[in-house]
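Each remark here refers to the structure printed beneath this line.
The values are calculated or read from the model by the stated rules, or taken from the named source; none is laboratory data. Keep in mind the model is a prediction, meaning the values are calculated, not measured. As a convention, Cβ positions derive from the backbone with ideal geometry for all residues, glycine included, and neighbour counts pool all protein chains shown. Remember, those area values only see protein heavy atoms, side chains included, never the ligands or the DNA or RNA. Shrake-Rupley method; radii C 1.70, N 1.55, O 1.52, S 1.80 Å.
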Amino acid sequence: QLQLVESGGGLVQPGGSLRLSCAASKFTLDYYHIGWFRQAPGEEREGVSCIRSGGGSTNYADSVKGRFTISRDKANNTVYLQMNSLKPEDTAVYSCAAKGALFGRCGLASNEYDYWGQGTQVTVSS
């Protein structure tokens, strides 16, 4: 029943920044691990980042460490992915996903997650 909606994708030049949002309505995302994933044409889905339920503990793929930041805005029931220093290889469809959890840490494997948004396109090009 949980529905996730991504927004914030678009076209940006290399070195630029973009902020993606993952929002839900009826359910409180604070009760879920939230992950961001991406998939480029012809490529496997890659786990980008995740944040634990109810907290700020996070994980990042090596390819985005130091450039991307995941965070929660509990008041707006939204999880963000701030993307800085974007590279052409960051071009992909980005999706958020949720796993119901009250404890434990999050992971970057897609099969850990139960609910998925429809995705938002990010294109990094000059």
Being open to solvent by 60 Å² or more (accessible area, probe 1.4 Å) and under 15 Å from the mean Cα position of the chain (by Cα) is the filter here, so list the residues in region 14-31 that pass it. Ser17, Arg19
Within region 86-104, the residues that are assigned to a loop (DSSP other than H, G, I, E, B) and under 27 Å from Ser17 (Cβ atoms) are Leu86, Lys87, Thr91
Can you tell me which residue among Leu102, Leu11, Leu81 is touching a residue at least 24 places away in the same chain (Cβ under 8 Å), surrounded by 22 or more Cβ atoms within 10 Å (Cβ to Cβ) and touching a Ser or Thr at 6+ places or on another chain (Cβ under 7 Å)? Leu81
Applying the selection to region 25-62, what residues are part of a loop (DSSP other than H, G, I, E, B) and touching a residue at least 24 places away in the same chain (Cβ under 8 Å)? Ser25, Lys26, Phe27, Thr28, Ala40, Glu43, Arg45, Arg52, Ser53, Gly54, Ser57, Ala61
Scanning region 41-52 for residues that are open to solvent by less than 90 Å² (accessible area, probe 1.4 Å) and over 14 Å from the mean Cα position of the chain (by Cα) gives Gly42
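Consider Leu108 carefully, then state whether it is closer than 26 Å to Pro14 by Cα, in contact with a Pro (Cβ under 9 Å, 6 or more places away or on another chain), modelled with pLDDT of 95 or more and not in a strand (DSSP E or B).
no
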